[in-house]
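To keep things clear, I will list the structure first and then write my remarks on it.
The values are calculated or read from the model by the stated rules, or taken from the named source; none is laboratory data. Just so you know, these numbers come straight off a predicted model, no measurement behind them. We place every Cβ from the backbone using ideal geometry, glycine too, and count neighbours over all the protein chains shown. What goes into the accessible areas is simple: the full protein's heavy atoms, side chains included, and nothing from ligands, DNA or RNA. Shrake-Rupley method; radii C 1.70, N 1.55, O 1.52, S 1.80 Å.
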Amino acid sequence: MVRDVKAIKKCKNGKLLVETSDAKQAALIVNLEKIGEMEITVAPHYSLNTTKGVISESEFQNDTEADIMEYLKYQNVSAVKRISIRKDGQYVPTKHLIFTFNVPNLPKSVLIEYINCSVRPYVPDPLRCYKCQKSGHSVQSCRGNQTCARCAEIGHASNSCEAAPLCANCKEDHASYARSCPRWKDEKEIQDVKVKQNVSFREARKIFADRAPKVGVSYASQLNPPFICTCGQTKFSAISTEDRQQDLKLREIPVANPKSKFSSNTNRGGLSNREKDKRENTST
């Protein structure tokens, strides 16, 4: 009906995710109402058709978001948001601006007035639930218990808590919202994989888990198989147990003169053992 598309993927919720080859093909699919006798509804994906980027330019730090949007409305930009930081109890605007583009591929630069500003991917902070302090969901979809973000105790919020800090995720001595938390850094790296590889959050988490080092296993041992030296090892033939025991007994027979190359029944005086016995009997 619309020629061969670029890719089709079935989602877990039963929907079909279709990636088109061009804008003309996308327009044809959006207008579809039936496939055969089956009625369907088609809508653009809520996040895969847009990208977010950041520019950092002090030249526009005093400009409003609406003023900057005037220069970008013909450059596939649908929204502009300035990043603010909290300082001394107040939010202070910075030179960093977040742009939302209506294209799946992030452009390398945008032109604002006469300045060509380079665009880099926007990696958001991990989503943390303010109720249970876990990552990956919000309060609206939380099924956990109310947990303090400061002391990790269940049953109260962190607004008036003065207990010693304890993280609810890694159990170390810092608050659950601390950016020094190892779990927070892991979630941030998962967001980085999601944005830069343009995959879903579930796929990004799997990629991160596959490349993360395992506890007690070195990276070199995963790449190369263990080396086993076989030099000097004796290969025994399939002999019987009696033959092997007799061979061991022969090895235990003492040698008369271990310093000489060949053993004999002659002593150091040049007399044989039989002549020596005769002399001993004669003397007695």
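Quick rundown of the values:
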read-out: Distance in nm between pseudo-label sites at residue 161 and residue 120 (7 Å out along the Cβ direction from Cα); value: 3.3 nm
read-out: Sparsely packed GluC sites (Glu not before Pro) within the range 1-101, loop by DSSP, other Cβ within 10 Å at most 11; value: 33, 37
read-out: Per-pair calculated FRET efficiency, R0 = 22 Å: residue 17 and residue 207 via Cβ, rounded to 0.05; value: 0.75
read-out: Heavy-atom SASA rank of 127, 97 (probe 1.4 Å, accessible area, largest first); value: 127, 97
read-out: Links that overshoot a 24 Å alpha carbon limit, given the list 134/194; 10/73; 73/188; 81/194; 134/171; value: 10/73; 73/188
read-out: Solvent-accessible area per residue for the range 1-127 (1.4 angstrom probe, square angstrom); value: 74 Å²
read-out: R0 of 45 Å, Cβ-Cβ distance residue 130-residue 34: FRET efficiency to nearest 0.05; value: 0.50
read-out: The range 27-62 and the range 113-132: distance between their alpha carbon centers, rounded to Å; value: 19 Å
read-out: For residue 112, distant residues with modelled amide H under 5 Å away; value: 117
